[in-house]
Amino acid sequence: MNEPGVGALLDQATLEARVESGAVPDWVGAHYENFTDGLLGSHDGSPFPCYFGVESVQKGWPLYTTVESMTDRDALFELGEAILEYLEVYECHSELASLVTFFRPPERELREREYHEALWHILQVLHAHDPEPWPEDIPTDPDTSTWEFCFGGEPMFPTCRAPFYDVRRSRYCPIGLEITFQPRALFEGITADTAAGQRARTVIQGRLEDYDGVCPHADLGDWGVEGDREWVQYMLSSEESQSPDACPMQVSRDHPKGPVVIGE
C-alpha cells in the first residue's frame, strides 16, 4: 500500500499529501478535491445524505486508487490488483474503509448511455479475470433480490458518481467516473432487516431529498428485499432511455473462466 504511481492503493493521508504536493496528475487532484468537498460540504444548506460516508472521510478511513482508463485492459487489470489488495487490508485499516476509485476523465464528453456501458464493461472485465470463484451463496442471476457484484470472493456494492447527474447532486462528479466499492461486511447491522438499518435508511433518504431537491430515485432499495434489485442502484439512471433495461453483466460460476478473456 502507498506505493508510488497511478494505480496504487493509498490511504487518505497519503493521497491528500500527494495532491497537495503536486505528486499526482491534475485529474487525480481534481477528483479528490471534488470527492471530499462533496462529502464534507453542503448543497443548498443541506449536508451530504450518507452520514456514514461523511464520518468516514472526516476520520480519514477510506482507501483510494486511481485508474488510467475505463476501457484499457491493462488499466483494468491494475484495478483488479488494487481491489484484491484492498480486500486483504481494509478490515485492519478502519471501521468503514470503503475503496474509492477515480478514473481518468475521457477525452470527450460522454453521454449517459456511454457511462452505463463503461461501468458494466469494467465490472465484466473484473469478473472475467477474478482469481476467486463466484461465492456459492450469491446467485448468478442479477434479476434476484440477493444478487450483487462479487470479486475476490467478496460480495460488494459498487456505487457510482458521474458527470451526467445534473439533477441528483449526490451522484454528481464533473471530473469523470468515480466508483466506490463497499464490501457487504460494511453493512452488517444496518441492513433493512434491522431496526438500526431502518432508522438509517429513513434519515439518509430524508437528507437525500433535501440535498438533491428531488424525491429519492425509484430504484433505490435494499439487498435481499423482495422486488429490489442491486444492479440498477450501482449507477442510477438520469434518463430512463439511456440506461439498460436488464443487467448487462454475464456471470459464470466456471472457474477459471476459460480461454475467452473479456476485454482483450
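The values are calculated or read from the model by the stated rules, or taken from the named source; none is laboratory data. All of these numbers come straight from a predicted model, not from anything done at the bench. Positions of Cβ are generated from backbone atoms using ideal geometry, with glycine treated the same way; all protein chains shown enter the neighbour counts.
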In the set 116, 127, 121, which member is surrounded by fewer than 19 Cβ atoms within 10 Å (Cβ to Cβ), modelled with pLDDT of 95 or more and over 24 Å from residue 95 (Cα atoms)? 121
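Suppose we keep only residues that are part of a loop (DSSP other than H, G, I, E, B) and of a type in the set (Gly, Ala, Ser) within segment 237-253. Which one would you say is farthest from the chain's Cα centre (by Cα)?
Taking segment 237-253 and keeping what is part of a loop (DSSP other than H, G, I, E, B), we get 237-239, 243-253.
If we keep only those that are of a type in the set (Gly, Ala, Ser) as well, we get 237-238, 243, 246, 252.
Values: 237: 15, 238: 17, 243: 17, 246: 19, 252: 22 Å.
So the residue we want is 252.
Does residue 108 satisfy the criteria of being surrounded by 18 or more Cβ atoms within 10 Å (Cβ to Cβ), among the basic types (Lys, Arg) and either touching a Phe, Trp or Tyr at 6+ places or on another chain (Cβ under 6 Å) or without any contact (Cβ under 8 Å) to a residue 40 or more places away in the chain (or both)? Give the steps one after another, and end with the answer.
On the way: surrounded by 18 or more Cβ atoms within 10 Å (Cβ to Cβ): no; among the basic types (Lys, Arg): yes; either touching a Phe, Trp or Tyr at 6+ places or on another chain (Cβ under 6 Å) or without any contact (Cβ under 8 Å) to a residue 40 or more places away in the chain (or both): yes.
No, not satisfied.
If you take the residues of segment 55-70 that are in a loop (DSSP other than H, G, I, E, B) and not aliphatic (A, V, I, L, M), which of them is surrounded by the most Cβ atoms within 10 Å (Cβ to Cβ)?
Looking only at segment 55-70, we keep the residues that are in a loop (DSSP other than H, G, I, E, B), and these are 59-62, 68-70.
Within this subset, residues satisfying the condition of being not aliphatic (A, V, I, L, M) are 59-62, 68-69.
Working: 59: 12, 60: 14, 61: 19, 62: 25, 68: 16, 69: 16.
In this case the residue turns out to be 62.
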What tally of residues in segment 75-105 results from selecting those that are surrounded by fewer than 16 Cβ atoms within 10 Å (Cβ to Cβ) and not in a helix (DSSP H, G or I)? 1
Among the numbered criteria (1) modelled with pLDDT under 75; (2) more than 20 Å from the chain's Cα centre (by Cα); (3) part of a loop (DSSP other than H, G, I, E, B); (4) of a type outside the set (A, V, I, L, M, F, W, C), which single criterion is violated by residue 198? (3)
Only one of 3, 20, 33 that is outside any loop (DSSP other than H, G, I, E, B), more than 16 Å from the chain's Cα centre (by Cα) and within 25 Å of residue 95 (Cα to Cα): 33
Select, from 29, 38, the only residue that is crowded, with 16+ Cβ neighbours inside 10 Å and either among the aromatic types (Phe, Trp, Tyr) or at pLDDT below 95 (or both). 38
In segment 212-236, which residue that is at pLDDT 90 or above and part of a loop (DSSP other than H, G, I, E, B) is surrounded by the most Cβ atoms within 10 Å (Cβ to Cβ)? 235
